[in-house]
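Q: One structure follows; several queries about it will come next.
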Amino acid sequence: MHLSSICSFLSAFINCFFFKVFCLESEFSLEGDYLLGGLFALHEVQHAEPFSTPEAIKCFRYTFSKSGYQMLQVMRFAVEEINNSTTLLPNVSLGYEIFDHCSDTKNFPSIFNFISKNGSIKPKEKLNNYQPKVIALTGPYGSTRTITIAPLITMDLIPLVNYGASSYTLSNKLQYPSFVRTIPSNKNLIEMIIHIIRWFGWNWVAFLGSQDDYSEDGLRIFNKYISNTGICLAYQEALGQQANYSQTLKKIDMLKINVIVVFAVPPYARKIIKAAIANDIRDKVWIASETWAMNQQLPTEPGIGKIGTVIGITERLLSLPGFDKFIYKDRRTINGYSTESNVQSKNKTCNQVCDYCPLLTAEEIINENPSFSFAIYAAIYTIAHALHKVLQCDMNECHKNMTVKPYMLLEQMKKLDFPLKGHQVKYDDNGDPTVSFAVVLWNTETNPPRFDMVGTYETYPEITFNINNSLLHWHNNGSVPFSNCSVECKEGFSREPNRYHSCCFLCKKCPRNSYVNYSWDPYTCSPCLESEWSDECSTACKTRTIVYLEFTEIHSITVMFSATCLIILLIAIFCLFAYNFNTPVVKSAGGSMCFLMLTCLIMSTISVFFFFGKPTSVHCLLRNVVFAFFFTVFLSCMAVRSFQIVCIFKMAAKFPNMHSLWVKHNGQWLFVGFFSIIHLISCVLWMTVSTPIPSRDSLTFKDQIILSCEMGNTETLSVVVLIGWFLGFLCLLFSYMGRDLPKNYNEAKSITFSLILYNVSWIVYFTAYLILKSKYVQLVNAMTQLSSIYGILFSYFIPKSYVIIFQPQKNTAAYFQTSIQNYTQTISRT
């Protein structure tokens, strides 16, 4: 049994390839100076089954494919057109040998025929001496079939110019060095599909394919290319012949996926669509790959309109002028000897037999799916142009005496760049062509159904993609179907992952001073910079306004004018006291110590100017530290001056020794020096522990940054303030003790008023500092300092200056002596 089967296989192989067999020469073969090979699927093996014994496959036993036969006719038309040309290959004729390639794995005899030399194959012969039967070949249709036979072709560097294998694997020149194709690879096709999905804003899609290299390659690329695009592959499956198509489609429907990419060869695509019709799967968007995008049978299926909208991707449809005429002419020729061919078909197994081919009318061939027509046409012209270069043809003739090796054509193909029917034919380093896709919409409401072109995708001369939305008539009354896992978040809401897929999310409101950037990271509410702000639900940050007390503000001008006037008054009083230094009024005011007091007040007033303008480290140091130190020195002078008056009038007689020691050792200066040093040390500690530095308050107002100065370390600042307030308390105490002294020496009311104003001013400031957060808090600080100095000036120095200028009769020793005598008499009576 097995021996007879083996003999049958060898007999069929020998009949086909080692003897001249006549198999419809006008259809499958043509003599010429140079022979081209062609592989076309005139029949399709629907259910492949493993053989138990070796045998040559007989394609005519399987299902006839009109599409495959039309492809064969395109090759024949292209060869005839080239042979009739007087410019491309003058005085050279092309011939061809065509085989029916119906199986993914069992059509090797035809390949052996192509690579044989005089009916035999010599594996050990040097490649540069080897001359196979064909100089190049085109086909077969399908990635799996091509990958199966390509190693046999490419090992001899025979150009395999393919029209129907889009697997990206074939772009690998290390594995397939002589592979060239005239259709874009799966990589380009997947990019186009992703463009379409993103164009309409979909992100929840299914991907269905078949169990072959074409679909597996497409699925692998699709998974790779959708990363970082926002598209989620919600469902994927490679379907076999025996798969449960109904269950698959129901799963997709249950997942609420409304966009389905069907990346499969026609037999599987037909099964998927028919199952959708049978299971009443409605209102979906079906994206068809180029293998079935213009299938002629499926649009006529009953109920096709209910499944939704079918969008197909095909190569840009280019007409082939003269093709229709060629077919009509060929049909008339074929009908003349169709009977003879039918008799022979029963006896031949060389896969150059087609029982149904003569029965087709010209209209049936012409109206068949034209998706790959231009690709076949371009493949034949690619070979012809390469041969034109190798033979060094000019407009009149070619050098036919040259020996043409297949690898010579391959070298020239890499350099080709020629126009063909308005399309530029050129190849990249991987042997892939420029991309020219068309997006077609199935219009099943017309009879016959139409394929309306609604978009294009080009990569030459530049990358362009466009879809005319007005031409799309969706199944749901015109609006773009929804196919997203989650509804898009409102503006200013970030996404919070909800499930495994990144497309499924909840929406979370972005808080103040944060924003969401949908193009960069839609899942994060990014914080604004310190110099920026935003409201809730923002998609961008706004720049904050920088605010501080500027010199040009009316408030600033007013305070600085007041400070200037104060300095002028203090200097004037300084000069007045210096001029009248030896008068009783000046001596009673403190004598030489008055000048220290006035100098301290002048320095304290100067510090006010550092509250205005953009704060710097110097500003922060001088505005508060300088005032605190010099005003405290002034208070120590006031305290010791009050003490001295009380001491002279009330304590000198009771404690003469202590009084003499105080006078002898200049107790007043020791007192002032002691407290000045103590306060200086505390100020140095204040600046050292935590130096007052510029601060930026961005919390108080959402749209502002307030520039001010930090107060520094709280503990050291408290010591500085307490020393000042302690001296102020001493002033009040001593002035109260001297409330009954002579009028010229009684400063109780003036000192009490000035110190109460001083304390109240600073209480108001610290209250404002704790409660209010505004640039005007600094203005309050400056005004507090000024009010403290103005209080001293008008309650203490101005009255004395008034006496010196306007009441000189009271500025005499006699007047003061009379006041003292009156005080003494009053005391003696009591």
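Read-outs throughout are calculated quantities, based only on the coordinates presented, and are distinct from any laboratory measurement. The structure presented is a predicted model; accordingly, all values stated were derived computationally and were not measured. Backbone-built Cβ (ideal geometry, glycine too); neighbour counts: all protein chains shown.
Q: Give, in nm to one decimal, the length gained when the segment between THR446 and MET402 is fully stretched (0.36 nm per residue of separation minus the Cα-Cα distance).
A: 10.2 nm
Q: In addition: List the residues whose amide H sits under 5 Å from the amide H of THR63, counting only those 5 or more places along or on another chain, with H placed 1.01 Å from N in the peptide plane.
A: Excluding prolines and chain starts, which carry no amide H, the hits are GLU44, GLN46.
Q: Something else: Efficiency by 1/(1 + (r/R0)^6): what FRET value for MET711 and SER592, r their Cβ-Cβ distance, R0 = 30 Å, to the nearest 0.05?
A: 0.30
Q: Still on this structure, I have one more. Could you give me the ³J(HN,Hα) list for region 194-203, computed from phi with Karplus coefficients 6.51, -1.76, 1.60 and θ = phi - 60°, whole Hz, x at Gly and Pro?
A: Result, rounded to whole Hz: 5, 4, 5, 4, 6, 4, 9, x, 7, 9.
Q: Let me ask something else. Looking at this model, which pairs from LYS250/LYS271; LYS251/LYS490; LYS187/LYS421; LYS106/LYS274; LYS389/LYS414 are more than 18 angstrom apart at the alpha-carbon?
A: LYS251/LYS490; LYS187/LYS421; LYS106/LYS274
Q: To continue, here is another question. Counting Lys and Arg as +1 and Asp and Glu as -1, each charge on the Cβ, what is the dipole of region 226-308 about the Cα centre in debye, to the nearest 20?
A: 160 debye
Q: Round to the nearest 10 and give me the degree value, 0 to 90, for the angle of helix 245-254's Cα axis relative to the longest principal axis of the chain.
A: Its long axis makes an angle of about 20 degrees.
Q: Next up: Would you please give the FRET efficiency between ASP283 and ASN223, computed as 1/(1 + (r/R0)^6) with r the Cβ-Cβ distance and R0 = 30 Å, to the nearest 0.05?
A: Efficiency, rounded to the nearest 0.05: 0.70.
Q: Please list 3J(HN,Hα) in residue order for region 699-709, calculated via the Karplus relation 6.51 cos²θ - 1.76 cosθ + 1.60 where θ = phi - 60°; whole Hz, with x for glycine and proline.
A: 9, 5, 10, 5, 10, 10, 10, 8, 8, 8, 10
Q: With label points built 7 Å along Cα→Cβ from the Cα atoms of ILE798 and THR616, find their separation and express it in nm.
A: Here the modelled spin labels are 3.5 nm apart.
Q: Multiply the residue separation of GLU49 and THR105 by 0.36 nm, subtract the distance between their alpha-carbon atoms, and state the gained length in nm to one decimal.
A: 19.0 nm
Q: Still on this structure, I have one more. Can you order the peptides 380-391, 458-469 by their average number of other Cβ atoms within 10 Å per residue, highest first?
A: In decreasing order of mean packing, 380-391, 458-469 become 380-391, 458-469.
Q: Still on this model: Which far-off residues, 5 or more places away or on another chain, put their amide H under 5 Å from the one on CYS709, with H placed in the peptide plane?
A: SER695
Q: If you don't mind, another one. Relative to the first principal axis of the alpha-carbon coordinates of the chain, what is the inclination of helix 373-390, with its axis defined by its Cα atoms, in degrees from 0 to 90 and to the nearest 10?
A: The angle comes out near 80 degrees.
Q: Roughly speaking, what is the stretch gain from THR767 to PHE418, that is 0.36 nm per residue apart minus the C-alpha to C-alpha distance, in nm to one decimal?
A: 117.0 nm
Q: Something else now. Please name whichever of ASN713, GLY38, LEU596 sits farthest to the positive end of the charge dipole of the chain, dipole taken about the Cα centre and charges placed at Cβ: Lys and Arg +1, Asp and Glu -1.
A: Checking the options against the dipole of the chain, the answer is LEU596.
Q: While we're here: Hey, rough spin-label estimate for ASN468 and PHE581, points 7 angstrom out along Cα→Cβ, what's it come to in nanometres?
A: In this crude spin-label approximation the distance works out to 10.4 nm.
Q: Please check which bits of region 699-728 a label hung off ALA540 would reach, taking the label as a point 7 Å along Cα-to-C-beta and the cut-off as backbone N under 15 Å.
A: Label zone hits: none.
Q: Would you be so kind as to identify which of ALA278, SER494, ASN430 lies farthest towards the positive end of the dipole of the chain, taking Lys and Arg as +1 and Asp and Glu as -1 on Cβ and the Cα centre as origin?
A: SER494
Q: Report the calculated FRET efficiency for GLN241 and TYR356 (r = Cβ-Cβ distance, R0 = 35 Å), to the nearest 0.05.
A: The pair GLN241/TYR356 has a calculated efficiency of 0.90.
Q: Would you compute, from DSSP H runs of 4+ residues alone, the mean residue ellipticity of the chain at 222 nm, taking -39500 (n - 2.57) per run and dividing by the full residue count, rounded to the nearest 500?
A: Helix contribution divided over all residues of the chain: -14000 deg cm²/dmol.
Q: Positive end of the charge dipole of the chain (Lys, Arg +1 and Asp, Glu -1 on Cβ, about the Cα centre): tell me which of ALA814, ASN258, PRO615 has its Cα farthest that way.
A: Of the listed residues, the answer is ALA814.
Q: Okay, next question. Using a simple charge model, +1 on the beta-carbon of Lys and Arg, -1 on the beta-carbon of Asp and Glu, nothing else, what dipole does region 493-543 show about its Cα centre, in debye to the nearest 20?
A: So the dipole magnitude of region 493-543 works out to roughly 220 debye.
Q: What net charge do the residues around GLU550 carry, taking every other residue with its C-beta under 15 Å from that of GLU550, with Lys and Arg at +1 and Asp and Glu at -1?
A: +1
Q: Amide H of LEU549: which non-local residues (sequence gap of 5 or more, or other chain) have their own amide H closer than 5 Å, using H built in the peptide plane?
A: GLY613
Q: Continuing with this model, one more query. Please compute the modelled spin-label separation between TRP669 and THR812, points set 7 Å along Cα→Cβ, answer in nm with one decimal.
A: 3.3 nm
Q: I would also like to ask the following. Which angle between 0 and 90 degrees, to the nearest 10, do you get for helix 2-17 versus the longest principal axis of the chain when only C-alpha atoms count?
A: Approximately 90 degrees, to the nearest 10.
Q: Using alpha carbons only, what's the Rg to Rh ratio of region 32-72 with Rh from Kirkwood?
A: On the Cα set of region 32-72, Rg over Rh gives 1.10.
Q: Can you report the principal axis dimensions of the chain using only the alpha carbons, biggest first, rounded to whole angstrom?
A: Cα spread of the chain along its principal axes, largest to smallest: 165, 61, 49 Å.
Q: Explain nothing, just the number: dipole magnitude of the chain about its Cα centre with +1 on each Lys and Arg Cβ and -1 on each Asp and Glu Cβ, in debye rounded to the nearest 20.
A: Value, rounded to 20: 3980 debye.
Q: Then there is this: Just to confirm a number: summing +1 for Lys and Arg and -1 for Asp and Glu over residues other than LEU779 whose beta-carbon lies under 13 angstrom from that of LEU779, what do you get?
A: Once positives and negatives cancel, what remains is 0.
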